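Just below is one structure, and these are the notes that go with it.
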Amino acid sequence: MILYLVTAALFLVIDAIMLSLVMKPLFTRHLGDAMRDSPMLAPAGLFYLAYVAGLVFLVSVPALRDAAPGRAALHGAIIGAMAYGTYEFTSMSIMKAWSWQMVATDTLWGAVLTGFCAWAGVALLLRLQG
């Protein structure tokens, strides 16, 4: 539970900063009026809760068990690229205003954010246990 809370807190804080500084302006530039003025919190919250739970279950718990934070970073980055890429490439294939800049930026961000948060959660817990 501590691993989940640490990972979720890191993920939410870091992603909130990136969303407001980079992603919202980028998506607004390309999507314009199709963007909401503010996000719907319930769907966003459900995504974060489920995504971090999946990350912790699939990546962080095995890495923590094996004391392998580097593996958590790599496997987290792969999961992040797959998850964010699925959204981006699917959106690109069906939405007129989607851009390759949005696809590349968000897919790369998903890999970096997920890999870092998986690594940081495992590294912090290993340090606390040690």
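Computed from the coordinates by the stated procedures, all read-outs in this text should not be read as laboratory data. On a predicted model such as this, the values are computed, not experimentally measured, just so you know. Cβ atoms come from the backbone with ideal geometry, glycine included; neighbour counts cover every protein chain shown.
When Ile79, Ile14 are ordered from fewest to most other Cβ atoms inside 10 Å of their Cβ, what list results? Could you put the intermediate results ahead of the total?
Values: Ile79 20, Ile14 16.
Ordered by Cβ neighbours within 10 Å, fewest first: Ile14, Ile79.
Take the Cα radius of gyration of the stretch 46-91 and divide it by 2.2 N^0.38 Å, with N its residue count; two decimals is plenty.
Dividing the Cα radius of gyration by 2.2 N^0.38 Å gives 1.23.
Apply the Karplus curve 6.51 cos²θ - 1.76 cosθ + 1.60, θ = phi - 60°, to the phi angles in the stretch 94-110 and return the couplings in whole Hz, x for Gly and Pro.
10, 10, 5, 8, 5, 10, 5, 5, 5, 4, 5, 5, 6, 5, 5, 4, x
Which of Phe116, Phe57 comes first, and how do the rest follow, when ranked by fewest Cβ neighbours within 10 Å?
Listed from fewest to most nearby Cβ atoms, that is Phe57, Phe116.
In what sequence do Val61, Val52, Val13, Val22 fall when counting other Cβ within 10 Å, fewest first?
Details: Val61 16, Val52 25, Val13 10, Val22 13.
Least to most surrounded, the residues fall as Val13, Val22, Val61, Val52.
With label points built 7 Å along Cα→Cβ from the Cα atoms of Leu108 and Leu46, find their separation and express it in nm.
3.2
What's the long-distance tail for the chain, i.e. % of Cα pairs beyond 22 Å?
Here the long-distance tail beyond 22 Å is 38 percent of all Cα pairs in the chain.
What FRET efficiency, computed as 1/(1 + (r/R0)^6) with R0 = 35 Å and r the Cβ-Cβ distance, is obtained for Ser99 and Ile78, rounded to the nearest 0.05?
Given R0 = 35 Å and the Cβ-Cβ separation, E is 0.90.
With r defined as the distance between the Cβ atoms of Met18 and Ser38 and R0 fixed at 22 Å, what FRET efficiency is calculated, to the nearest 0.05?
With R0 = 22 Å, the Cβ-Cβ based efficiency is 0.85.
Per 10 Å bin, what is the whole-percent P(r) computed from every C-alpha pair distance within the stretch 1-41?
Spelled out per bin, shortest first, that is 26, 41, 23, 10, 0.
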